[in-house]
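What follows is a single structure, written as structure tokens, with notes after it.
The values are calculated or read from the model by the stated rules, or taken from the named source; none is laboratory data. From a predicted model like this one, the values you see are computed outputs, not experimental measurements. Every residue, glycine among them, receives a Cβ derived from its backbone with ideal geometry; neighbour counts consider all protein chains shown. Surface areas here come from the heavy atoms of the whole protein model, side chains and all, with no ligands, DNA or RNA. Shrake-Rupley method; radii C 1.70, N 1.55, O 1.52, S 1.80 Å.
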Amino acid sequence: GGAMLRSLGSLLCLWALRLPLPPAGTVAAARGLDVASYRERVRAMFYHAYEHYLESAFPYDELRPLTCDGQDTWGSFSLTLIDALDTLLILGNVSEFQRVVTVLQEGVDFDIDVNASVFETNIRVVGGLLSAHLLSKKAGVEVEAGWPCSGPLLRMAEEAARKLLPAFQTPTGMPYGTVNLLHGVNPGETPVTCTAGIGTFIVEFATLSHLTGDPVFEDVARKALKALWKYRSDIGLVGNHIDVLTAKWVAQDAGIGAGVDSYFEYLVKGAILLQDEELMSMFLEYNKAIKNYTKFDDWYLWVQMYKGTVSMPVFQSLEAYWPGLQSLIGDIDNAMRTFLNYYTVWKQFGGLPEFYNIPQGYTVDKREGYPLRPELIESAMYLYRATRDPTLLELGRDAVESIEKISKVDCGFATIKDLRDHRLDNRMESFFLAETVKYLYLLFDPDNFIHNDGSVFDVVITPYGECVLNAGGYVFNTEAHPIDPAALHCCRKRKEEQWEVEDLMREFYSLKKTKKFTLKRASNHGEGESAKIPKDASSEKGGEKRNSKKSSHSLLSCPSQSFNSKLAVLGQVFLDNS
């Protein structure tokens, strides 16, 4: 459970909110905040941490900044490098991006005897590799012919995701929280998983399914999402931890923070990425229950999932993603009010303590730390795109000043163990480079390619036709890895069959120089592609040589044959109704 007590955000152009806004610079200048200088300070922050990771910690997962060495935390796959990869491109560093892609291809191995968090491996490793795969052409990497439907980073992402699939083999379809990358689920593994650890897969797994043509990933992710929906309480809430074998709720606290957070986030982002109304209506139902039972004066509390009685009047720093999520569904006023509440806590401590007691207005015992989390900055970035309110830049400024002042050490940036006396911990989480620095940079960089409004884009020729990429509307996974939603439409299912058709067509075309043909899309997710041929083709010599008409008719009209075997019939290319 502890492994999963975290979450995050996303990105999407808020089309509904594309009001004529004043240029970013002018508003900020009025309040005397130099956006360009903060952007450069964020860049310097990234390199101070990144270079020390490479120097002192690589190939371990994370840097230990107080002792200038490294440690494996979530597995053993140079996690910080995978997590920081797309941030390099957002900062414009194509040469280092290219170098790291080569290093990862040669050095990362998932065939290891390691117990890994299913949730963390998905959002950090699978998410990081998918995002880097989809950005690699933009970063000047030489991509292979089938890209974005194939490529070394995509194969790595798929390999990592396959290692997680055994966790989903449960009676409910809800996954175990931990899996051994070599042996699958350990005998005696606890069946209790937190809600976020069940509902935070659809973004990565649907992307994998659409790119590779293998539906298994999206299928298991959807099944897990729907199981949580099925087991919600009568008043429409979900708890914190559930037994994935019996579907009994073990921790019955309902709220928007740790243990639940990214489930709600992925309903919204999955809905946007896949244009899926069912996921959005699930979220909107939850949203009503959350407002009804947990919201008080623009704060959100924890309540008992069956009765709705308050169990903890606590604000957790992880909940600070919520205003950003509200902005994605266009609920700007509520988002802003809650954001301003959270910002007052930041100003009180120079960071967000893990837990904050709302009635007492102070930290909670043993939860006074700030591990340089991104959530409040993430929400500021979204809300700034929507409103251009300069207050949001001020939070960015405060974050840069605070992190530099309290957390910067010779070897990087250290987790703040206690915001009251500024004691530090010997840890720099990989999300600092994946998320915190990225969202800060994007807040201060209005012209970043990530903020593209669709006015420029790339056209890629794939074996499945033309494909538009990098037009914007990126959806961030909960580790801030941007996924280009257009890429999901680049790769037709059943790729092998597509290539087979193309080869046959080439052969066919060389026989019939006079006739033209085109490839026709099969109806929605049908059996691959079919080929359109001129009506009188069979009367030409090329067709006659191979078969008599009688046999061709009886064989080809047989509805029970698979597409592949139909294709194989005497090398004939046909229409289903031919």
Note to self: Give me the residue from the stretch 181-213 that is more than 16 Å from ASN122 (Cα to Cα) and free of Cβ contacts under 8 Å to residues at least 12 places away in the same chain and, out of that set, least open to solvent (accessible area, probe 1.4 Å).
What the structure shows: GLY188
Check: Restricting the stretch 353-403 to residues that are among the β-branched types (Val, Ile, Thr) and over 17 Å from LEU301 (Cα atoms), which is farthest from the chain's Cα centre (by Cα)?
Finding: THR391
Item checked: Checklist (1) under 23 Å from THR478 (Cβ atoms); (2) surrounded by fewer than 24 Cβ atoms within 10 Å (Cβ to Cβ) applied to TYR306, failing item -> (1)
Next item on the list: Look at SER455 and say whether it is closer than 28 Å to LEU383 by Cβ, of a type outside the set (A, V, I, L, M) and open to solvent by 20 Å² or more (accessible area, probe 1.4 Å).
Entry: yes
Check: Mind checking whether some residue in the stretch 145-165 is touching a helix residue (DSSP H, G or I) at 6+ places or on another chain (Cβ under 8 Å), at positive phi and open to solvent by 10 Å² or more (accessible area, probe 1.4 Å)?
Finding: no
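Okay, residues lined up against (1) of a type in the set (Asp, Glu); (2) touching an Asp or Glu at 6+ places or on another chain (Cβ under 9 Å); (3) without any contact (Cβ under 8 Å) to a residue 60 or more places away in the chain:
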{"position": "TRP249", "(1), (2), (3)": "no, yes, yes"}
{"position": "GLN252", "(1), (2), (3)": "no, no, yes"}
{"position": "GLY259", "(1), (2), (3)": "no, yes, no"}
{"position": "GLY270", "(1), (2), (3)": "no, yes, no"}
{"position": "LEU279", "(1), (2), (3)": "no, no, no"}
{"position": "ASP298", "(1), (2), (3)": "yes, no, yes"}
Checklist line | Pairs where the first residue, in the stretch 448-461, is of a type outside the set (D, E, K, R) and the second is open to solvent by 70 Å² or more (accessible area, probe 1.4 Å), C-beta under 7 Å, 6+ apart | finding: VAL459/GLU466
Margin query: Just to be sure I understand, how many residues within the stretch 387-423 are crowded, with 19+ Cβ neighbours inside 10 Å and not in a helix (DSSP H, G or I)?
Written below: 7
Notebook entry, point to check: Does ASP243 qualify as being in contact with a Pro (Cβ under 6 Å, 6 or more places away or on another chain), surrounded by fewer than 20 Cβ atoms within 10 Å (Cβ to Cβ) and not hydrophobic (A, V, I, L, M, F, W, C)?
Noted result: yes
Check: Does the stretch 430-452 hold any residues that are crowded, with 24+ Cβ neighbours inside 10 Å and in a loop (DSSP other than H, G, I, E, B), and which are they?
Finding: SER430
Notebook entry, point to check: With (1) surrounded by fewer than 21 Cβ atoms within 10 Å (Cβ to Cβ); (2) not in a helix (DSSP H, G or I) as the list, and THR344 as the residue in question, which single condition is left unmet?
Noted result: (2)
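From THR102, THR67, which residue is without any contact (Cβ under 8 Å) to a residue 12 or more places away in the chain and of a type in the set (Val, Ile, Thr)?
Details: THR67 fails: without any contact (Cβ under 8 Å) to a residue 12 or more places away in the chain.
One residue alone meets the criteria, THR102.
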Note to self: Can you pull out every residue in the stretch 226-238 that is more than 23 Å from the chain's Cα centre (by Cα) and open to solvent by less than 30 Å² (accessible area, probe 1.4 Å)?
What the structure shows: SER233, GLY236, LEU237
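Go through ILE461, ILE406, ILE483 for me and flag whichever is among the aliphatic types (A, V, I, L, M) and modelled with pLDDT under 95.
Working: ILE406 fails: modelled with pLDDT under 95; ILE483 fails: modelled with pLDDT under 95.
Testing whether each residue is among the aliphatic types (A, V, I, L, M) and modelled with pLDDT under 95 leaves just ILE461.
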Check: Has the stretch 366-386 got any residue that is buried (at least 21 other Cβ atoms within 10 Å of the Cβ), closer than 25 Å to TYR286 by Cβ and β-branched (Val, Ile, Thr)?
Finding: yes
